[in-house]
Amino acid sequence: MGELELPHRHKKRGIYERYVKRALDIVVALMMIACLSPALLFIALLVRAKLGSPVVFLQERVGQDGKFFHIYKFKTMRDPRTRDGKKLSDKEFQDALSKGRELELLTDEERLTKFGRFLRNSSLDELPELFNILTGKMSFVGPRPMFRANYEFYTPTENRRHEASPGLTGLAQVNGRSSASWESRFAHDVFYVDNISFWLDLKIFLKTFAVVFAGEDATHSGEIPAPFTTCRLRQLAEFADVDESEILAQSKEERALLLERYEQDVANRG
């Protein structure tokens, strides 16, 4: 799980990936929901008391084959608002991200409560994703599902992360978590897609517990990269020698061609 040498294409899916992985997801998800139902109820009551309703928020993410779905998480922050008090919906927030709009929002740090930080550091806020796994939108192990707003900014190779079902945890999450660079995260995601196996899933699953219990990167002690769209817009603008506004004004087809050229340039320089 160190340095990665990425294969050029997804290998033929084996029996585990085609049949066993999904069956294990269903069985383990059902067992965990049954065992953790008192904890789920208790956490839901605490969230309701400390942060209000809804206790579980839905956020649109990108799933396998680029299909969109709503991820379930316990609420950890106060509702997104601008500094003048206007509440924003998830759609308004993601539209702002995809269009590069600058909104005078309260920062995540300002919205994150002490209780919410505890839920995040312990990964307890992720428990409702067990229902995403049960319904087949996610798996226990796979690339973490990203914001819909990021979807049009992936290079062709990065986009291959969507060849597998997104996961509750993944190879990138046990190799740096949120302090890892976006390039490192995507490299691990694509490596995972090309090397799915029972033993790799088991290693990632077990290492996740070690990472969570050790609190690695949970308090953001490392340097956290800027949001993906912010990083990618800067990279593309520098590569094309234009303003970021010109990148945003491009059609999907034009941007896709630019991303191909950018990826090739990075490969040639690397």
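Quick check, is LEU248 modelled with pLDDT of 95 or more and more than 19 Å from the chain's Cα centre (by Cα)?
On the way: modelled with pLDDT of 95 or more: no; more than 19 Å from the chain's Cα centre (by Cα): yes.
Here the answer is no, as LEU248 does not meet what is asked.
Inspect all residues belonging to segment 75-94 and state whether any of them is of a type in the set (Val, Ile, Thr), under 22 Å from MET32 (Cα atoms) and modelled with pLDDT of 70 or more.
First pass over segment 75-94, keeping only residues of a type in the set (Val, Ile, Thr): 76, 82.
Retained after the next criterion (residues that are under 22 Å from MET32 (Cα atoms)): 76.
Subset that is modelled with pLDDT of 70 or more: 76.
Yes, the conditions are met somewhere in segment 75-94.
If I filter segment 188-207 for residues that are under 20 Å from PHE69 (Cα atoms) and either open to solvent by 10 Å² or more (accessible area, probe 1.4 Å) or among the β-branched types (Val, Ile, Thr) (or both), do I get at least one hit? Working first, answer last.
Looking only at segment 188-207, we keep the residues that are under 20 Å from PHE69 (Cα atoms), and these are 189, 193.
In the following step, the residues that additionally are either open to solvent by 10 Å² or more (accessible area, probe 1.4 Å) or among the β-branched types (Val, Ile, Thr) (or both) were identified as 193.
Checking segment 188-207: at least one residue is under 20 Å from PHE69 (Cα atoms) and either open to solvent by 10 Å² or more (accessible area, probe 1.4 Å) or among the β-branched types (Val, Ile, Thr) (or both).
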Residues of segment 100-143 being at pLDDT below 95 and basic (Lys, Arg), in sequence order, are ARG101, ARG111, LYS114, ARG117, ARG120
When (1) of a type in the set (Ser, Thr, Tyr); (2) over 13 Å from the mean Cα position of the chain (by Cα); (3) not in a helix (DSSP H, G or I) are applied to THR208, the one that fails is (3)
Taking segment 181-202 and keeping residues in contact (Cβ under 8 Å) with a residue 12 or more places away in the chain and within 20 Å of PRO225 (Cβ to Cβ) leaves SER181, TRP182, SER184, ARG185, PHE186, ALA187, HIS188, ASP189, VAL190, PHE191, TYR192
So, first residue farther than 17 Å from VAL28 by Cβ and modelled with pLDDT of 85 or more in segment 203-216, second residue buried (at least 16 other Cβ atoms within 10 Å of the Cβ) and of a type in the set (A, V, I, L, M, F, W, C), Cβ within less than 8 Å, six or more apart or across chains; the pairs are none
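The values are calculated or read from the model by the stated rules, or taken from the named source; none is laboratory data. This structure is a prediction, so every number in the text was calculated from the model and none was measured. Here Cβ is always computed from backbone atoms with ideal geometry, including for glycine, and neighbour counts include all displayed protein chains. SASA here: full protein model, heavy atoms, side chains in, ligands and nucleic acids out. Shrake-Rupley method; radii C 1.70, N 1.55, O 1.52, S 1.80 Å.
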